[in-house]
Each structure stands twice: as structure tokens, then as C-alpha cells.
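Engineer: Okay, handing you the structure first.
The values are calculated or read from the model by the stated rules, or taken from the named source; none is laboratory data. In this text, all values refer to a predicted model and were calculated from it rather than measured experimentally. No Cβ is skipped: glycine too gets one built from the backbone with ideal geometry, and neighbour counts run over all protein chains shown. To get the accessible areas, we keep the full protein, side chains included, count just its heavy atoms, and leave off ligands, DNA and RNA. Shrake-Rupley method; radii C 1.70, N 1.55, O 1.52, S 1.80 Å.
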Amino acid sequence: MEDSIDYGKFEEGRHVNYWELDRRLQREMRRVLSDEEFDWAQNRLEELGKDIGHTVADNADYIDKHGPELETYDKHGDVKNFVRYPEEQFEDERIVYEAGTVADSFRAPPGRDEPMPLTHYLGMIYLLGYAESGGFACPVAMTAGAALVLEKFDDGELKEYYDALTARDHDEMIEGAMFLTEEQGGSDVGANETVAEYDEDAGYWKLTGEKWFCSNIDGEGTLALGRTEDAPEGTDGLSMFLVPHGDPEDGVMTKGRRKEFEDEPPGDALNDQLYRRLKDKLGTTAVPTGEVEFEDTKAYLVGEEENGFKQMTEMLNLERLSNAVISCAIIGRGLLESKIHAANREAFGSTIDEYPLMREDLVDMTVDHEAATAYTFEASRIFAEREEAERADEEADETYRMMRLLTPIAKLRTARMAIDTASYATEVQGGNGYVEDFVTERLLRDAQVMPIWEGTENILSLDVLRALERENAHEPFMRVMDERLDAVTHPALDETKATVNEEYEDLKKALATLAGEDADYAQLSSKRLAHYIFEVFTAGLLLEQAQEDLEGDGATEEPDGRSAIIARRFVQNYLEDREARGITSGDRLPLEQFDAVVRFESVEPGSLVETVEAD
Ligand SMILES: Cc1cc2nc3c(=O)[nH]c(=O)nc-3n(C[C@H](O)[C@H](O)[C@H](O)COP(=O)(O)OP(=O)(O)OC[C@H]3O[C@@H](n4cnc5c(N)ncnc54)[C@H](O)[C@@H]3O)c2cc1C
């Protein structure tokens, strides 16, 4: 059994080890990896958690104020397309990529014969999200996404690019990017107008058009969508291209090769495109997001012509999960800063974590963090399982259908929670929280993009409908729910399980109703449905974990009731119809279980059964 955590001994959520302090992440990684994988990964995650908690956390604050700058032209008016990064960004890149964050899930890392599953990558980028809440985490996510697309769809022509995207050595590597959005359409990708023509003489495809939001603008492994001659309108007519930053005639422009161009403009070494300007954004400063004009820009076709959108959705699924784990990390960082501040700040004669209202705040932030992280890693586990099956050429239809349902919901819900938690964490710091010297103000600015890129909340809700309509995703969903709830038998969970059962029955009615309603009604209900699925599914998952811990074979060696309290509070907050807002109930969970929930104190299971019986 692990010791509880005394947050009063820290000064802030920096210069600490994020892996060591995030017990929920530890639990989820232990759950989603096999024992052998976890044994291999544990020390590496711990090492990365330390480096991110120290060097990257400091660098992130610095880069936020001294972000990348674009020099579009040189003094003679020639295109330069040069993004100048602070040295701290390169230091972060070396730490994160050379730890194997992307590489280890694509190539067998040192000490293993096989690559790690993508859940390992998601665990590592989660740790990065504690410090780089959306900024530098974005290129890392797109590097993994571009590698996944090439692994799936390239026939070997782009092997050099794949090798560089998955390289561990900083000098040998390149980063990915994903240019979909054009001014006339971000959500409506089918409105893309960029044209692609094959130039026989040059032996390349040539792209012409404008991309309106290009994060990691100078990525060498950029994937872009374009329309070939006579291709149909809409998404069916889109093809995918790899558009290098450098002139592909000269080979892959790795990070090492770029060092040659630090002082003088690369000139002919560049591909023909114009980085018009960088956007002046609210947050995520570390990633340069800009506008790009293609004009006869050299490109490689990736996969099949007119299959680009479908291929891009494979990348999008991973990006959405990356977004979700980073959102969970934002929640985790906001929570950590709040716990530490509340344990140290005195007002009216006591530390503020002694007061009932703050106790409730911290309990509910903790429950939110653990619920979001549990759901997201379950969605990640399912995603990775499907990828493993594909790599092994095995059938994984059921897993695919679950992935289609759970992935958009993971992104949709956690993004909203990240903003809410970052906002409240700002308030917990008091006035300082609103000041740039403290990280909460950046967390809040960074969090605001989470629901926008990779699909807004509305667009994701429509995607949930599609997963239900086209994939009948409710079938595997209900099978999983049934199995989970059947396995929950501990008396300490009776009350919570009864509420979840009732809501699950209502959710099934909602699903049946929508299947019979017209498209407008289904769309009207889809966002509420997505959140409802999140809440019921997460409640089932938390109950399953609580059952395991009460029996003593879950994350805890000895039987422990802490997870039962987490499940109970989550259900109270999101699924229970509480009379008079719970005020008449006399429930004092946040006061009685504060140490268990917030400080990870273990709970004797017998005490919970007695509480329920006494109720
Ligand atoms: C910092 C940042 C970085 C970005 N980086 C990239 C990048 O690297 N690559 C890239 O391709 N894009 C990128 N984007 C663009 C982003 O993906 C789009 O902005 C986003 O998908 C929304 O598209 P849009 O801006 O065209 O808004 P619109 O599609 O016009 O949406 C406007 C609003 O309408 C709603 N809406 C649209 N359609 C419907 C509907 N059918 N039903 C209900 N509501 C609807 C949306 O939910 C949204 O609230 C980035 C954006 C930002 C802010």
C-alpha cells in the first residue's frame, strides 16, 4: 500500500516528478499495458516525469513568452520560410523524442523485440501535457499521427520519411504536421479546394492552394489534403499528400540538416511554398500555427488517390486521443497546483484546504481528473488494441466499433473539463492565479484550444451519431456495460451500482429513441447523448475498478475502498438526481473522505459497508 501524499511539502507543481505524483496515471498505465510492458516502461515513465517536471516545465514557461517567430523573407525579398525557435524548444525536443515518446511505439526500443503499444506513447505525451499543455505537445502528437498514417498506407516509397518520423535521435528525426483547414472550411473538410496535379517531368505531384491553420508549419513530415483533376466534390474527392518543408530532391531535411540553415537562408533547399504569417494566438505559443500558400509545391501521394479523407481519419483518431490525454494532463496540473496551494495558503487562521467548500472543490476536481483519465485510457487501450490487431493482420471489428464511439467522446468531454478545471484552478490560486508569474493563467489560455482543433464539440457529437448509425457501435458498448455491471457485487457498491443501472436503462431508451427519429432530432440530441454515454460508461469503469480494489486484486495489493468513494462521488455528481441539490441528504462525503480522495489515503472496505448500511 502506498503512502498518502502530503501536498504541503511542495511549493508549486513544478520541480516535481509528474509520474510519481500522478497515481491515477500510474494505475491506468499498469492496467492498459501488459505486466511485461509495464515492467519495461515504468522506469522510463518515471525518468520522463522527472525531466518534464523540471526542465520542460521551466522551459514551457519561458517559451510561452519567447515563442517561435517566422521570418518569411530574407533581406533581398527571397522566400526564407524560417521559423526561429528558442534554444529551450530544442532542449525539450531532445528530452521528449529521445526518451522514445514517439519512436518506442513504432520501432522495437532498446531491450525489447517489439514496439510498445500506442498506449505507451499516450502515457508519455500525457506527462508532457503537464508542462506543455497543448503547445509543444501538438507537434509530438502530429509526429506520431503522421508515422501511423505512413505505417498504414505507404507502400514503402516514403520509407525515409517514416524512418525519420520514428527516429529517436534528434539529429536524424523530423516532425509531422497536418494541413486540412482552408479558410472556407475547417469542420467542413469536403470544402477543400487545394488542387493536386501530377508533373510528369518533375516526377512529383504539385499542390496549389491555401491552408489556413497549419500548426507546426515547418514540419518536414506534413500531411495535406488536396483534390486531383476530375476528382468528385466533397471528402470523397480528396487525396492525401506528404509535403516536405525542404526540397525533396535533396532528401529528407532532418533536424540535423536544418542546423546548416540557422544563420543563412536555405534558398533552393526549400520546397516551393510560402509561410505567409503566424497566427497571433491566445495560447499554445510553443507551436507555430500559420497560413501556407502552396504554389506548385512538390508533394508525394500517400496511399490511394481519392482515399485521403479516410486515411486522414486514422490520423485524426490518434490526434483526438492525444488531445484527450493532454486535456487530462491539464486537469492534472491544475489539480496539482490547487492541492499544493490549498495545503500551504493560510486565510482566516487556517490553511484553506481545511475549509469545507475548498474540501469539496478539491474532492470534485480529483474525481473529475480520475474519471476523465480512466475513460481516456480505456478509449486508448481499445484504440491500441485495434492497431495491434491490424499490425498482426487480425480481425478486430468489435474493437474498431468501440473505438469509433469512444474516441470522439474522449476528446469532446476532456477538452471541456480541461477548460473548466483550468479556470477553477486559476481561482484556487486567488489573484495570483490570474497573473503571468503563475502557470494557471497559461493553462487556461492553452486549454481553450482543446475543444476547437481536431474537431469541435458539435462536430464530434455528429461523429458519435455516425458511429452509432453506421457501425452499430451501441452493440459492443452494451455488451461491455452488461459485463462490467454484472461483475460488480461488493455490498459497498450496491447503492452506486443501483443508480448506474437505472441511468444505463435510460441511456438505452435514449439510444432506441434516436434510432427511430429523424436526422434533425438526432443531431439536436447528439451532444447530450455523447456526454451521457461518457458518464454512464465512466461510471461502469469506475465501479469495475472499485470492485477490484475492494477485493484487493486491482491497483492496490490490500483490499482498499478509495476507488469505491471515487465511483460514488462521480455518480453523485453526474448521474444521481439529487433532491434539493443534495442539501437535504446530509451527505458529507467531501469532508469525511477528503484525505482518502485528495491525499490518497487508503480506506478500510468495512468502513464503507457500514456507512452504506447506516444510511
Ligand atoms: C490554434 C489552432 C491550431 C490549428 N491547427 C490546425 C492544423 O494544424 N491543421 C488544421 O487542419 N487545422 C488546424 N486548426 C483549425 C481547426 O481544426 C479548425 O479551426 C476547426 O476544425 C474548426 O473549423 P473552422 O475554424 O473552419 O470553423 P467552422 O467549421 O466554421 O465552425 C464554426 C462553428 O460552427 C460549428 N459547426 C460547424 N458545422 C456544424 C454543424 N454541422 N452542426 C453544428 N455546428 C457546426 C462548429 O462546431 C463551430 O463552433 C487549428 C485551429 C487553431 C485554433
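Engineer: In terms of modelled amide H atoms, which long-range or inter-chain residues lie less than 5 Å from the amide H of residue 276?
Structural biologist: Hits under the 5 Å cutoff: 291, 292, 293.
Engineer: Per residue Cα convex hull volume for segment 1-48, in cubic angstrom?
Structural biologist: Hull volume over Cα atoms, normalised by residue count, gives 84 Å³.
Engineer: A further question follows. In whole percent, and with a 1.4 Å probe on the protein chains, what portion of the accessible area of segment 484-615 is carbon and sulfur?
Structural biologist: 44
Engineer: Please state the charge dipole magnitude for segment 409-527, taken about the Cα centre, from unit charges on C-beta atoms (+1 on K and R, -1 on D and E), reported in debye and rounded to the nearest 20.
Structural biologist: For this selection, approximately 240 debye.
Engineer: What's the local net charge at residue 29, with K and R +1, D and E -1, over the other residues with C-beta under 12 Å away?
Structural biologist: Details: positive: 23, 24, 27, 30, 31, 44, 381; negative: 22, 28, 35, 37, 39, 46.
That works out to +1.
Engineer: Under 5 Å between amide H atoms, partner at least 5 residues away or on a different chain: which partners does residue 182 have, H built in plane at 1.01 Å?
Structural biologist: Here 212 satisfy the definition.
Engineer: Convert each backbone phi in segment 588-604 into a coupling constant with the Karplus relation 6.51 cos²θ - 1.76 cosθ + 1.60 (shift: θ = phi - 60°), then list the ³J(HN,Hα) values in order as whole Hz, x for Gly and Pro.
Structural biologist: 10, 3, x, 7, 6, 10, 4, 5, 5, 6, 7, 9, 6, 6, 6, 10, 5
Engineer: Just want to confirm a number: the relative contact order over segment 522-599, from Cα pairs under 8 angstrom separated by 6+ residues, in percent.
Structural biologist: 23
Engineer: At 222 nm, what helix-only mean residue ellipticity would the chain give, in deg cm²/dmol to the nearest 500, using -39500 (n - 2.57) for each DSSP H run of four or more?
Structural biologist: Here the helix-only value at 222 nm equals -17500 deg cm²/dmol.
Engineer: Just for the chain, what percent of DSSP beta bridges are antiparallel, to the closest 5?
Structural biologist: If I count the DSSP bridges inside the chain, around 85 percent turn out antiparallel.
Engineer: Here is a further query. On the principal axes of its Cα set, how long, how wide and how thick is segment 86-188? Give whole Å, largest value first.
Structural biologist: 49, 37, 25
Engineer: Using Cα positions and a limit of under 23 Å, work out the lysines in reach of residue 497, with same-chain residues fewer than 8 apart set aside.
Structural biologist: 508, 509
Engineer: Moving on. In Å³ and rounded to a whole number, note down the convex hull volume per residue for the Cα atoms of segment 332-430.
Structural biologist: Numbers: hull volume 8.6 nm³, N = 99.
Expressed per residue, the convex hull around the Cα atoms of segment 332-430 is 87 Å³.
Engineer: Let me ask something else. Quick check: convex hull of the Cα atoms in segment 205-248, volume per residue, rounded to a whole Å³?
Structural biologist: Expressed per residue, the convex hull around the Cα atoms of segment 205-248 is 84 Å³.
Engineer: Moving on to the next point. Students often check this: by mean Cβ neighbours within 10 Å, which of 494-505, 573-584, 280-291 ranks highest, and how do the rest follow? Walk me through the intermediate numbers first.
Structural biologist: Values: 494-505: 17.4, 573-584: 12.3, 280-291: 20.8.
My ranking of the peptides, most packed first, is 280-291, 494-505, 573-584.
Engineer: Separate question: Projecting each Cα onto the charge dipole of the chain (Lys/Arg +1, Asp/Glu -1 at the beta carbon, about the Cα centre), which of 338, 43, 529 comes out farthest on the positive side?
Structural biologist: Result: 338, furthest along the dipole toward the positive end.
Engineer: Tell me which of 491, 26, 308 sits at the most positive position along the dipole axis of the chain, charges placed on C-beta atoms (Lys, Arg +1; Asp, Glu -1).
Structural biologist: In the chain, that residue is 491.
Engineer: Given C-alpha coordinates of the chain, what is the ratio Rg to Rh with the Kirkwood estimate of Rh?
Structural biologist: Radius of gyration over Kirkwood radius for the chain works out to 0.98.
Engineer: On to the next question. Under a Cβ-Cβ cut-off of 9 Å, what is the net charge of the residues other than residue 136 that fall near it, where Lys and Arg count +1 and Asp and Glu count -1?
Structural biologist: Once positives and negatives cancel, what remains is -3.
Engineer: May I pose another question? State the extension gain, in nm to one decimal, for the chain segment bounded by residue 152 and residue 392, taking 0.36 nm per residue of separation less the distance between their alpha-carbons.
Structural biologist: Residue separation times 0.36 nm, minus the Cα-Cα distance, leaves 85.2 nm.
Engineer: DSSP H helices in the chain with Cα extent of 30 Å or more along the helix axis and mean Kyte-Doolittle hydropathy at least 1.6? Each step should come with its number before you reach the end.
Structural biologist: Details: long enough: 308-344 (53 Å, 0.24); 356-391 (52 Å, -0.59); 397-428 (45 Å, -0.16); 494-516 (34 Å, -0.75); 519-551 (47 Å, -0.07).
Length and hydropathy pass: none found.
Engineer: Suppose all protein chains stay in the model; what accessible area per residue would a 1.4 Å probe give for segment 223-293, in Å²?
Structural biologist: 42
Engineer: Right, another one. Going by a ≥ b ≥ c, the root eigenvalues of the Cα gyration tensor, does segment 468-592 fall in the rounded group (a/c under 1.5), the prolate group (a/b larger than b/c) or the oblate group?
Structural biologist: Because a/c hits 1.5 or more and a/b fails to exceed b/c, segment 468-592 counts as oblate.
Engineer: For the pair residue 90 and residue 4, what calculated FRET efficiency results from E = 1/(1 + (r/R0)^6), where r is the Cβ-Cβ distance and R0 = 41 Å, to the nearest 0.05?
Structural biologist: On the way: r = 39 Å, r/R0 = 0.95.
It comes out at approximately 0.55.
Engineer: Please report the carbon-and-sulfur percent of the accessible area for segment 296-413; probe 1.4 Å, protein heavy atoms only, DNA, RNA and ligands left out.
Structural biologist: For segment 296-413, the apolar C and S fraction of the accessible surface comes to 44 percent.
Engineer: If you place +1 on the Cβ of every Lys and Arg, -1 on the Cβ of every Asp and Glu, and leave all else neutral, what size is the dipole of the chain about its Cα centre, to the nearest 20 Debye?
Structural biologist: So the magnitude is around 1460 debye.
Engineer: If I model a spin label at residue 558 and residue 35 as a point 7 Å from the Cα along the Cα→Cβ vector, what separation in nanometres do I get?
Structural biologist: According to this spin-label approximation, the distance is 2.3 nm.
Engineer: For residue 205, list long-range residues whose amide hydrogen, built 1.01 Å from N in the peptide plane, is under 5 Å from its own amide hydrogen.
Structural biologist: 199, 299, 301
Engineer: Mind checking which lysines have their C-alpha under 17 Å from residue 279, skipping anything on the same chain fewer than 8 residues away?
Structural biologist: 65, 211
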